[in-house]
1. Collect residues whose amide H, placed 1.01 Å from N in the peptide plane, falls under 5 Å from the amide H of LEU56; neighbours closer than 5 in sequence don't count.
2. Need the C-alpha centroid separation for the range 237-254 versus the range 28-69, integer Å.
3. I need the shape label for the range 11-102. Rule: rounded when a/c is under 1.5, else prolate if a/b > b/c, else oblate, with a, b, c from the alpha carbon gyration tensor.
4. Take the alpha carbon gyration tensor of the range 164-238, find the square roots of its eigenvalues, order them as a ≥ b ≥ c, and report rounded if a/c is under 1.5; if not, report prolate when a/b exceeds b/c, else oblate.
5. Against the globular-protein guess of 2.2 N^0.38 Å, express the Cα radius of gyration of the chain as a ratio, rounded to two decimals.
6. From largest accessible area down, sort GLU378, GLU45, GLU121, GLU110; use a 1.4 Å probe on the protein chains.
7. Does the range 77-167 come out rounded, prolate or oblate, given a ≥ b ≥ c as the square roots of the eigenvalues of its C-alpha gyration tensor, rounded meaning a/c under 1.5 and, failing that, prolate meaning a/b above b/c?
8. Enumerate the lysines that LYS331 could reach by cross-link, defined here as Cα to Cα under 28 Å, with residues fewer than 8 away along the same chain left out.
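The values are calculated or read from the model by the stated rules, or taken from the named source; none is laboratory data. The structure displayed is predicted, hence computed values, not measured ones. Please note that ligands, DNA and RNA were not included when accessible areas were found on the heavy atoms of the full protein model with its side chains. Shrake-Rupley method; radii C 1.70, N 1.55, O 1.52, S 1.80 Å.
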Amino acid sequence: MTHAKTAELLRKPELSNEDIVFLLGLRDPESCRLLQEAAFARTTELMGNCVYYRGLIELSNICTASCRYCGIRRENHDVKRYTMSKEEIVAAAVWAARSGYGSVCLQAGERRDEKFIAFIEECLIEIHKATVSSVLPQGVGVTLSLGEQTPETYRRWAKAAGCPESLRYLARFETSNPELFKVLHGARGDHEKQLEHRFRLLADLREAGYQTGTGVMIGIPGQTLEDLCRDIRTFQNLDVDMIGMGPYLMSEGGELQDFGQMDPEALMQLSLNMIAVTRLVMGPVNIAAATALQAIRDDGREIGIEYGANVVMPNLSPQQYRAGYQLYDNKPCLDDEPTQCASCLEKRIASRGRRVGWNMTGSSRRWLRRNGRPDEAEPAGGLRVGQNDAGRKTIWIRAG
Ligand code: 5AD
Ligand code: FES
């Protein structure tokens with residue numbers, strides 16, 4: 001009986017590769033429920049009850065990379081390219097801070113030119129200045145998701161961000177299978193992507209003081225359960241602090257349409273199993289419920305939370321830019337404004353027995369422990385909602 005074996009594996013203190021492959025492949029509802037309950041309980045035990053918000057600002061879709069799965073790859077000439085102005089970016093971050101979000105995530109296509117590096121630096125300096133408050137003494141936390149850069153650039157941006165306790169960088173390695181990685185990343189020459197570079201980059205980021213995050217895509221054509229097991233082992237070997245994983249979804253603007261995409265229901269379950277097993281193996285890391293889950297099912301992110309995720313990234317990009325940032329087809333919330341996303345999400349999170357960690361930096365506990373710091377306590381007086389709806393109490397006070 002599959003569920004009897006599942007129950008037995010979930011009692012083991014450590015999972016072997018064979019156990020991991022078995023759990024990743026679960027499909028019958030009873031076994032999946034057991035896995036879900038184990039992962040949720042482990043998350044509560046290790047991470048508490050809060051889900052942290054990272055307000056996502058997709059600041060530019062100009063990209064020099066050619067990832068074959070991605071809808072904003074440089075070869076896709078059907079996309080209208082945009083870059084938000086510094087004022088727009090800072091305003092989005094200030095809105096997040098005022099609304100009780102502990103941190104924002106700046107994401108964009110990959111660029112390594114000095115003009116871009118300096119632009120991000122200026123944005124970071126201004127975001128910091130504008131968001132230091134008694135509630136957020138270091139300003140709003142910053143997560144960067146800006147692709148492969150040099151160690152010097154990481155250091156420049158770290159300094160500009162001015163929030164050493166809540167400074168994070170996300171760079172997924174997408175798959176630990178070198179052959180598959182090659183298939184996914186076409187370009188050669190200057191912009192060639194190599195798996196080893198991704199691993200090196202994570203070490204560089206740690207050295208520059210970032211909490212480091214990585215992740216993979218789940219259900220890539222040709223990927224096996226053994227590949228996903230190796231991905232989890234790679235998270236372990238890299239000792240990362242944060243993980244963001246989502247289903248691979250076909251993109252009109254990509255180059256992989258001929259390979260198709262997994263059946264949505266199977267893809268959803270595989271993605272959830274991956275989140276749950278990663279939680280069981282990796283312990284107190286932050287795991288994001290990727291927006292791509294919501295592209296398959298409207299409540300995809302909430303189910304991700306039930307399977308062990310503890311971070312969500314509400315989209316703060318102004319509505320006029322959203323159509324330009326379609327990494328995959330059917331990306332949700334194209335017509336929403338940030339305020340709508342935030343309040344709708346809070347209800348959704350509460351519906352799954354968690355609450356939003358308003359004004360908390362939400363650092364990875366694995367990182368806190370590695371750095372000899374205590375777990376973050378909830379703010380004095382408990383968690384209070386943001387001021388995103390008229391009539392709610394203001395919790396954000398500008399310093400000075
Ligand atoms: N499906 C799912 N995720 C994708 N990403 C890019 N394209 C796709 C796609 N077609 C993810 C990659 C990248 C992140 C920014 O978006 O994992 O690291
Ligand atoms: Fe690399 Fe978009 S071009 S993820």
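1. So LEU56 has HN proximity to CYS105, ASN315, LEU316.
2. 10 Å
3. oblate
4. Since a/c reaches 1.5 but b/c is at least a/b, the shape of the range 164-238 is classed as oblate.
5. Here the answer is 0.93, to two decimals.
6. Ranked from most to least accessible, the order is GLU45, GLU378, GLU121, GLU110.
7. oblate
8. LYS80, LYS86, LYS182, LYS193, LYS347
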